[in-house]
Ligand code: PLP
């Protein structure tokens, strides 16, 4: 007789996480990891931010009782202020239901389940390409996912007109996942004028945007990077925002994020919060304490907050400097490669346009690891490895 779980299929694994394991096992000392979306400092290390360390020390290790299903009240208020701005009309009108979530992924997961229950049967549009879990999370919740054009491989730019056309032709009331800043995997963002044109379309078609903001502070600044969401908030009555502190607090493993559901009225927001709490109760009951306490302590203390803002600026400036350095190193070796895209793209990633074969060549020959789609995490570049990466890239391009 066959065993109970005999037919369980093997899991192929997550391609990016698998590459990371392969990297760890690579014995070459000159290897460079440009795969996973983790910020590393100039020494190639995942930093502990001094603001976070100071907050953790201030908090010590106290009682660990349950916290509410929706999370810590201070944390939720500070999340709202960070996303929507302190003077936001929406917040004054109490129209936002915000949940503490298990990172950005947890926020999207609650969002997908909430939408599946309350706005079922609508198509979910994601950018082509996108962070793969967008498909997975919304499919798991029961949605069919479709794509809107985003990246033009030939020009390494945005297919804005095609994107607009697809969303114009989509059924009214479709769910549209939008990365408002530092698009993963391409690094290509909409200009403010394009953001406004997209906003007009989303509102006219009554689409439901789910803004997924995983990199706030990594493009132009903490407030600047929220401007798409904030301008949208001035005009629209109902939408969702998932935000994550994994990257900008370097708190990946603590799982800290938020889901904010913007509603038409305070009463609606109250009822929505109730349903979100119920969903959490039936899933993991209530969120963990430590990460949210740390983030709330940093954001709520003027001195720690100023320190954190400086730390985010340092990460942002370092990634920009590494883009410049890579472009300069490539230019030294070849005039054939137009390096403009490296410095124009924003945030943690650069979509290089390298083919899978070229990526494999860089890995096998030089120990330089990129994702097979050609995505490079620029936060893995350092003064010490950037010349070698440029050399490997130029060799792979055969230019
Ligand atoms: N959304 C996007 C676009 C991301 O790139 C990521 C992380 O890589 C996430 C969400 C999830 O972030 P978290 O680690 O906080 O779950």
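Coordinate-derived values only; no laboratory data. Everything numeric in this text was worked out from a predicted model, so none of it was measured. FYI the Cβ positions are ideal-geometry reconstructions off the backbone, even for glycines, and counts take in every protein chain you see.
Which values of log₁₀ I(q)/I(0), to two decimal places, follow from the Debye formula for the stretch 25-169 at q = 0.09, 0.19 Å⁻¹ with a uniform point scatterer at every Cα? Each listed q maps to, in turn, -0.50, -1.28. From the alpha carbon centroid of the stretch 134-202 to that of the stretch 299-335 is 27 Å. Helix-only arithmetic for the chain: the sum of -39500 (n - 2.57) across DSSP H runs with n ≥ 4, divided by the residue total, places the mean residue ellipticity at 222 nm at -13500 deg cm²/dmol. As a ratio to 2.2 N^0.38 Å, the alpha-carbon radius of gyration computed for the stretch 1-81 takes the value 1.80.
Computed over the alpha-carbon pairs of the stretch 257-383, the distance histogram in 10 Å steps reads 10, 24, 21, 22, 18, 5, 0 percent, short to long. Given R0 = 30 Å, the distance between the Cβ atoms of residue 238 and residue 356 translates into a calculated FRET efficiency of 0.15.
Pairing the Cα long axis of helix 160-169 with the longest principal axis of the chain, what angle in degrees results, from 0 to 90 and rounded to the nearest 10? Helix 160-169 sits roughly 40 degrees off the main axis of the chain. The order of 40, 213, 164, going from fewest to most other C-beta atoms within 10 Å of their C-beta, is 164, 40, 213.
Separation of the stretch 368-399 and the stretch 93-125, taken as the distance between their Cα centroids, equals 36 angstrom. Run the Debye formula on the Cα coordinates of the stretch 241-303, all scatterers equal and no solvent, and tell me log10 I(q)/I(0) at q = 0.23 1/Å. Calculated log10 I(q)/I(0) at the listed q: -1.06.
Using the empirical formula 2.2 N^0.38 Å as the baseline, the Cα radius of gyration of the stretch 156-292 reaches a ratio of 1.13. Multiplying each eigenvalue of the alpha-carbon gyration tensor of the chain by 5 and taking the square root yields semi-axes of 34, 25, 23 Å, largest first, rounded to whole angstroms.
When the Cα atoms of the stretch 68-300 are aligned to their principal axes, the ranges along those axes come out at 47, 36, 32 Å in descending order.
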